[in-house]
Amino acid sequence: MRPNYRFFALYFRWQVACQRTEYYDIIMTKRTKIAKVLSSPEVGQQITVKGWVRTKRASKNVAFVALNDGSTIKNLQVVVSPEQFEEDLITRITTGSCLAVGGRVVESQGSGQNVELEASTIEVYGEADPELYPLQPKKHSLEFLREIAHLRPRTNTFGAIFRIRHAMIFAVHKFFHDKGFVNIHTPIITGSDAEGAGETFRVTTLDPKNPPLTQDGAIDFKEDFFEREANLTVSGQLEGELAALALSEIYTFGPTFRAENSNTSRHLSEFWMIEPEMAFYDINDSMDLGEEMLRFLVNYALEQCADDLDFLEKRALDEEKSKPQAERSEMSLLERLKFVVENDFARITYTEAIDILRNSKPNKKKKFSYLIEGWGSDLQSEHERYLVEKHFKKPVILFDYPKDIKSFYMRMNDDGKTVAAMDILFPGIGEIVGGSQREERYDHLLTRMQEMNIPDKEMWWYLDTRKFGTAPHSGFGLGFERMIQFITGMGNIRDVIPFPRTPGSCEF
Ligand code: 4AD
Ligand code: MG
């Protein structure tokens, strides 16, 4: 074969061109992350950093550029000397622009940082017109930032939140992996409604204008893609149970979708859930695991995300100052996190909770929006938060709920009135975990499904596990975003997921 001389010639010319340009260093040196420059600085070293400009302060003699590449909340100060660079280049460096900067690490003259970068080469990868760039170096409201969710990761607050979110994903896997749990991917498209609440998003390829019909005029889903009705999953639990009844201890960590019309600061239409499922665990074992997991996650954040948490702590203190005295929380963010790590959770039955709530001040003075009158009604978030924030002043695990307000799969207690359900309630959040011991007795389960109009024929596979080698087992679901809300102290769940989906909102 003839060698491709043309290719070699081109390559050679490109090399020479690179060496001639001022970009030679930038192209040839590997990028160093700002986190590394700041955490283990080597004064005198030649490096290249790349990132986005947060601010520029320019005077006649010097310009200081604060550069951030997302590897840390801290910025690297870049010192730009007008003697070395053309004025035109310096004016193109504006808030939001993206740069590659080569230079030498030097000890910083100013306060606020140990080292800074003396720029010798600068390439502007992308400019950001100051007239148009929406993120100015000032405080923007969270509501405004939600409208520009495509740019908000470039703020300190969202940088911190998304780094913590990543650390928590890792911590979840570490916790379960170290205990020997097997991670299972449960399906996202399913034919079942695990919670039986009828709040699913349909998955179909039928033409909505002209769907095929059955003889009695209903939509004929036999003609649909899966030849049956299908929806996005609301929970991986049922499939998780199938796996647990073979692998003993499993967990899922996946997206879940709920078409409930809840416009609150704690509900998303698309959220991530961690669902461990354990053979041979009863409800108490499951509560122990839930408590241990939450403590582990909070402790992991305290140990691994200190810089970001310090920033969020200060941010939360600032927010508090703008609130009336009565609404301020008694503990700061870091104090709340340490409190959870250091204290046992309270554990009480639903029935005990109802007694506490019925005799509580806000109930007697009719301050609750939903007054607690008798046994059997579902608790609202105002009740959950009263128990956690006012009565016990610590996380609370409620268990043994009335069967009528809980799902079909929960194990019936001997009283015939309550099921072995448990919810973990957190300060500022309310319910963060929901779970139960599962009904492992075939006859009990079938009866309950029929009573609650759960299509038992379609769910033959779920019932099969109770027919063949059934076993006592339990599990729970942790709402990942609610967990991140607690750890970051963010009041609105829309601010702890990169691109929130809520009723009426699916931008980006
Ligand atoms: O209590 P839930 O509905 O329980 C289940 O889905 C069970 N299948 C879990 C199990 O036993 N394996 O949801 C579990 C948790 C809640 O405690 C809450 O933290 C979170 O998921 N969650 C939501 N988070 C954000 N937006 C929503 N719309 C949520 N609905 C539930
Ligand atoms: Mg629940």
> Is the range 114-128 home to any residue that is among the charged types (D, E, K, R) and within 14 Å of Ile93 (Cα to Cα)?
Replying inline: yes
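Which helices (runs of 4 or more DSSP H) does the range 398-491 wholly contain that include 1 or more residues that are within 14 Å of ligand 2 (Cβ to nearest atom) and under 30 Å from Glu382 (Cα atoms)? Let's see the steps before the verdict.
Details: elements: 442-451, 460-467, 480-488.
Result: 480-488.
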>> Could you go through the range 151-171 and let me know if any residue there is among the hydroxyl-bearing types (Ser, Thr, Tyr), modelled with pLDDT of 95 or more and in contact with a strand residue (DSSP E or B) (Cβ under 8 Å, 6 or more places away or on another chain).
In response: no
> So how many residues does the range 326-336 have that are more than 17 Å from His391 (Cβ to Cβ) and at pLDDT below 90?
Replying inline: 3
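Kindly indicate the residue of the range 99-113 that is of a type outside the set (Gly, Ala, Ser) and assigned to a strand (DSSP E or B) and also nearest to the chain's Cα centre (by Cα) among those meeting that condition. Steps first, answer last, please.
In the first step, residues of the range 99-113 are kept if they are of a type outside the set (Gly, Ala, Ser); the result is 99, 101, 104-107, 109, 113.
The next check asks that each one be assigned to a strand (DSSP E or B); those that pass are 99, 101, 104-107.
On the way: Leu99: 30, Val101: 33, Arg104: 38, Val105: 36, Val106: 38, Glu107: 38 Å.
In this case the residue turns out to be Leu99.
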> Quick one: Ser269 ticks every box in (1) within 25 Å of Phe162 (Cα to Cα); (2) in contact with an Asp or Glu (Cβ under 6 Å, 6 or more places away or on another chain); (3) polar (S, T, N, Q) bar one, so which box is it?
Replying inline: (2)
>> Being touching a His at 6+ places or on another chain (Cβ under 7 Å) and either within 11 Å of ligand 1 (Cβ to nearest atom) or in contact (Cβ under 8 Å) with a residue 40 or more places away in the chain (or both) narrows it down to one residue among Arg385, Arg438; which is it?
In response: Arg438
>> Please go through the range 356-370 and give me each residue that is surrounded by 14 or more Cβ atoms within 10 Å (Cβ to Cβ) and not basic (Lys, Arg), ordered by number.
In response: Ile356, Leu357, Ser360, Pro362, Asn363, Phe368
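Within the range 442-450, can one find any residue that is within 13 Å of ligand 1 (Cβ to nearest atom) and surrounded by fewer than 21 Cβ atoms within 10 Å (Cβ to Cβ)? So that I can check it myself, show each step before the final result.
Filtering the range 442-450 for residues within 13 Å of ligand 1 (Cβ to nearest atom) gives none.
The answer is no, given that none of the residues of the range 442-450 is within 13 Å of ligand 1 (Cβ to nearest atom) and surrounded by fewer than 21 Cβ atoms within 10 Å (Cβ to Cβ).
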>> Whether any residue in the range 176-199 is exposed (fewer than 13 other Cβ atoms within 10 Å of the Cβ), acidic (Asp, Glu), farther than 30 Å from Glu507 by Cα and at pLDDT 95 or above is what I want to check.
In response: yes
>> For the range 337-358, give me the residue count where each residue is among the polar types (S, T, N, Q) and either at pLDDT below 95 or part of a helix (DSSP H, G or I) (or both).
In response: 2
> What residue, among those in the range 75-98 that are over 38 Å from the mean Cα position of the chain (by Cα) and touching a residue at least 12 places away in the same chain (Cβ under 8 Å), is farthest from Thr32 (Cα to Cα)?
Replying inline: Pro82
> So which residues in the range 451-472 are surrounded by 16 or more Cβ atoms within 10 Å (Cβ to Cβ) and within 17 Å of Glu195 (Cβ to Cβ), if there are any at all?
Replying inline: Ile454, Asp456, Met459, Tyr462
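Got at least one residue in the range 283-306 being among the small types (Gly, Ala, Ser), buried (at least 22 other Cβ atoms within 10 Å of the Cβ) and in contact with a Ser or Thr (Cβ under 7 Å, 6 or more places away or on another chain)? Let's see the steps before the verdict.
First pass over the range 283-306, keeping only residues among the small types (Gly, Ala, Ser): 286, 290, 301, 306.
Then keep just the ones that are buried (at least 22 other Cβ atoms within 10 Å of the Cβ); that gives 286, 290, 301.
Pick out the ones that are also in contact with a Ser or Thr (Cβ under 7 Å, 6 or more places away or on another chain) and you get 286.
Yes, because at least one residue in the range 283-306 is among the small types (Gly, Ala, Ser), buried (at least 22 other Cβ atoms within 10 Å of the Cβ) and in contact with a Ser or Thr (Cβ under 7 Å, 6 or more places away or on another chain).
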>> Given the condition under 30 Å from Glu440 (Cα atoms), touching a residue at least 24 places away in the same chain (Cβ under 8 Å) and assigned to a helix (DSSP H, G or I), answer yes or no: does some residue in the range 271-283 qualify?
In response: yes
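The values are calculated or read from the model by the stated rules, or taken from the named source; none is laboratory data. These numbers come from a predicted model, not from an experiment. Glycine also receives a Cβ, built like all others from the backbone with ideal geometry; neighbour counts cover every protein chain displayed.
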